[in-house]
Amino acid sequence: MTTDSLEITPRTRLRRLHPRGHHDRATIDAILDATPMCHVGYVIDGKPAVTPTFHWRRGDRVYWHGSSASRALRAAEGAEVCLTVSLLDGLVLARSGFHHSANYRSAMIFGRAEKVDDPGEKTAKLRDFIEGLYPGRWEELRPMNAQELKATTVLSLPIEEASAKVRTGPPIDDEADYALPIWAGVLPIRHATDTPDSDPRNLADLTPPSSLGTLQIG
């Protein structure tokens, strides 16, 4: 049995619109892999905080990184956190204000954040991060030095307690409203990269790497 077919333990069952809830790994992994952007919620100095950051998934864990001096990462290390990913796929316009909605995909991962201490493992995970966004890029780069590795913290979270929520499709109106002469439908939203802007300090004969043409977000 592959991990993609495993059911995940949800922290809470959805009380509203529960048919939109999903707890299978295939759905959760697909949402985690669709975008590099997440938000990590934690408690710092007794107060709640949420930090936007980049994440990446490898197997049964999701990772994120930052400065070793970061108060946010220090607060999250060894603590219970909630990592969330959300993608807005469309604005849903109904025939009443009440039924306006959005098409979206979201996932929430709960658990205790763990620090990656081994230098070799940390380097491998950072390589996964770069290669996940820009295939082939790692081999083009100057190798990380010991000071850079020391200055970087990598945290991970097991994908064991999680849930996803997804909405797709057209608006859902009151039956009587379908006869009204009011346009209703979905305004799709797409995430796309644009033409690369080269650093003005590039050497004159350098061009953007071909791997940028394969970058997929969303």
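The values are calculated or read from the model by the stated rules, or taken from the named source; none is laboratory data. Treat the numbers as computed from the prediction; the structure is a model and nothing was measured. As a convention, Cβ positions derive from the backbone with ideal geometry for all residues, glycine included, and neighbour counts pool all protein chains shown.
Kindly provide the set of residues from region 49-80 that are buried (at least 16 other Cβ atoms within 10 Å of the Cβ), charged (D, E, K, R) and in contact with a Phe, Trp or Tyr (Cβ under 9 Å, 6 or more places away or on another chain), ordered by number.
Scanning region 49-80 gives a single hit, ARG57.
Could you check LEU203 against (1) among the aliphatic types (A, V, I, L, M); (2) at pLDDT 95 or above; (3) over 29 Å from ASP29 (Cβ atoms) and say which number it fails?
Failed condition: (2).
For region 164-184, state whether one or more residues are under 18 Å from ASP128 (Cα atoms) and out of contact with any helix residue (DSSP H, G or I) (no Cβ under 6 Å at 6 or more places or on another chain).
Scanning region 164-184, I find no residue that is under 18 Å from ASP128 (Cα atoms) and out of contact with any helix residue (DSSP H, G or I) (no Cβ under 6 Å at 6 or more places or on another chain), so the answer is no.
Sort out which residues of region 32-48 are more than 12 Å from LEU83 (Cα to Cα) and not in a loop (DSSP other than H, G, I, E, B), and write them in order of number.
Matches in region 32-48: ASP33, ALA34, VAL43, ILE44, LYS47, PRO48.
Filter region 1-48 down to residues that are at pLDDT below 95, farther than 30 Å from THR193 by Cβ and among the hydroxyl-bearing types (Ser, Thr, Tyr) and give me whichever is surrounded by the fewest Cβ atoms within 10 Å (Cβ to Cβ).
Ranking the qualifying residues of region 1-48, first place goes to THR2.
Condition test on SER106, is it surrounded by fewer than 15 Cβ atoms within 10 Å (Cβ to Cβ) and touching a helix residue (DSSP H, G or I) at 6+ places or on another chain (Cβ under 8 Å)?
In short, no.
Which ones in region 163-200 are aliphatic (A, V, I, L, M) and at pLDDT 95 or above?
Correct list: ALA164, VAL166, ILE172, ALA176, ALA179, LEU180, ILE182, ALA184, VAL186, LEU187, ILE189.
If I filter region 141-164 down to residues being surrounded by fewer than 16 Cβ atoms within 10 Å (Cβ to Cβ) and small (Gly, Ala, Ser), which single residue comes out as farthest from ASP60 (Cα to Cα)?
Taking the candidates together, the pick is ALA146.
Taking region 85-102 only, how many residues are under 26 Å from LEU133 (Cα atoms) and buried (at least 18 other Cβ atoms within 10 Å of the Cβ)?
Counting residues in region 85-102 that are under 26 Å from LEU133 (Cα atoms) and buried (at least 18 other Cβ atoms within 10 Å of the Cβ) gives 4.
From the list ARG95, ARG74, which residue is of a type in the set (D, E, K, R) and in a loop (DSSP other than H, G, I, E, B)?
Every option except ARG95 fails the conditions.
To keep it simple, each residue is scored yes or no on (1) of a type in the set (Val, Ile, Thr); (2) surrounded by 10 or more Cβ atoms within 10 Å (Cβ to Cβ); (3) closer than 28 Å to SER106 by Cβ.
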| position | (1), (2), (3) |
| --- | --- |
| ALA184 | no, yes, yes |
| LEU187 | no, yes, yes |
| ALA192 | no, no, yes |
| SER198 | no, yes, no |
| ARG201 | no, no, no |
| THR207 | yes, no, no |
| LEU212 | no, yes, yes |
